[in-house]
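Throughout, read-outs are computed from the coordinates displayed, never taken from laboratory work. As the structure is a prediction and not an experimental result, all values here were calculated from the model. A quick note on method: Cβ atoms are made from the backbone with ideal geometry, for glycine too, and the neighbour counts reach across all protein chains shown.
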Amino acid sequence: MKRLFVLVALMAGVLQLNAQEKREINYDESAVPAYILPDLLTCLDGQPVKSVTEWETVRRPEIMHILATQEYGLTPQTAIEMKSKLMAEDPHALGGIATSQQVMLTFSGQGKTVKALLLAYIPNQRQGKVPVVVGYNFQGNHSMSLDENILYSPFFERLTDRNDPQLKRGIQMNRWPLEMIVKRGYALVTMDYQDIYPDNPAGEPLSVISLFPPSKDNDTKWQAIGAWAWGSSRMADWVEQQPWADQDRLVIMGHSRQGKAALWTGAQDTRFRVVISNDSGCGGAALSKRQFGEDIATIVNSFPHWFCPAFNQYADREESLSFDQHYLLAMIAPRHLYVASAQEDRWADPKGEFLATVATSPVYRLYGLDGIVGSQMPAIHQPLMQHTGYHIRAGVHDVTDYDWQCYLDFCDKAFSIKQD
Ligand code: GCU
């Protein structure tokens, strides 16, 4: 009897998987449904927003509340203890152009601790304080270079098989042109995102969320994206204490799921003056109502631990959304926002990412600033750089040197930095 039950359960699982695999993903522009984007500048009571003050005191808080209660979950406002300990310092990193610091952050709460290993590269050649780019890596600090001195991030340190291919050094070096970043005068501060929340549906007990009292309401419970955003703000806390760091020139960059988290970080934490989303797609910069590429049903089924449970109600019901991803992007205003797509990354809907960026322009205009306008996407490798920016490059879902060149150009422009 028990065996039969197990067999039926297994078959049901397989069927469910097949149903998901067979889910039709729309890649046909002519099948994009007609939709009207909810208006950023109309308050919930129907009143139009006419001034920066109305935006900042009424509409922006309304939108933040919508995003927190319908999509990403409520971030606790209470602080927990964070201790930092310098584990290693190398004044001759990257062939002598940088100083690297490895700092263990220990977070405590509810009688538990979670550790995350921060890695910073600080340009040695600097006059005064330097701008700082903050961004998570996916495969551990050791994946970003071949440097044997880089310690394993706690998430990878826990792997019991020391021959695990994930412990190989440099496996994601291609995404981190460290020398380019440092030579252009920027410091980089990173850590492995899985130190903050191990990226799987059972990851919560080892995540920073477990250090806080449980959420009172399940629907609006913060989950992995909320936790990753919280972790980026802790990197900013650390940066704030560094004498070499220019607090007014703080940047956050995130790729893909970390692009989503970077945008949610930038929405909540105004210390980030430039917010960059690389191929962030569904739940990031791409408009959900277009239903092109990954859709809400697909993402919440595959990654039930990313968004707050209230977001599930929009699975296969995108038309019922009273908001869309341009709300998230508009939270960055009047700070600088840059969105990037890759031509072959149809899963992330490049056009939807572009249109959401364009849709933020009325808010920037309220501040007297130029956003991107028009419905025509720029050609490949023709970046648009106003107060907000956008580019689409050739190739697949990834982070390339070209992306970084554009990001650093955009940051230079935003911070009025002239390269020699
Ligand atoms: C999956 C997921 C995307 C996500 C991406 C990534 O493809 O469906 O939403 O952006 O992983 O993080 O690489």
In nanometres, what is the gap between the two model label sites at Asp316 and Val373, each 7 Å from Cα along Cα-to-Cβ?
4.2
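In Å, the Kirkwood hydrodynamic radius of the stretch 324-420 over pairs of distinct alpha carbons? All intermediate terms of the calculation are to be shown ahead of the outcome.
Working: mean 1/r = 0.0732 Å⁻¹.
So the Kirkwood estimate lands at 13.7 Å.
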For the chain, take the alpha-carbon Rg, divide it by the Kirkwood Rh, and send me Rg/Rh.
0.96
Straight distance only, please: which lysines reach the Cα of Lys112 with their own Cα at less than 24 Å, same-chain residues fewer than 8 apart left out?
Lys83, Lys85, Lys216, Lys221
Scan the stretch 257-327 for trypsin sites (Lys or Arg not before Pro) in coil per DSSP, keeping those whose Cβ has at most 16 other Cβ atoms within 10 Å, and list them by number.
Arg317
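Regarding the stretch 281-357, what's the average projected area of the Cα-atom convex hull, expressed in nm²?
On the way: hull surface 20.5 nm².
Averaged projected hull area, Cα only: 5.1 nm².
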Can you tell me, using C-alpha contacts under 8 Å and at least 6 residues apart, the relative contact order of the chain as a whole percent?
15
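Taking 0.36 nm per intervening residue step and subtracting the Cα-Cα distance, what contour gain separates Leu146 from Asn124 on full extension?
Details: separation 22, 0.36 × 22 = 7.92 nm, distance 2.00 nm.
Here the answer is 5.9 nm.
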Tell me the mean residue ellipticity at 222 nm calculated for the chain from its helices only (DSSP H runs of n ≥ 4, each -39500 (n - 2.57), averaged over every residue, nearest 500).
-8000 deg cm²/dmol
Between Ser84 and Ile417, what FRET efficiency comes out of the Förster formula 1/(1 + (r/R0)^6) with R0 = 25 Å and r the beta carbon distance, rounded to 0.05?
0.35
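What whole-number value in cubic angstrom gives the convex hull volume per residue for the C-alpha atoms of the stretch 111-211?
Numbers: hull volume 12.5 nm³, N = 101.
Expressed per residue, the convex hull around the Cα atoms of the stretch 111-211 is 124 Å³.
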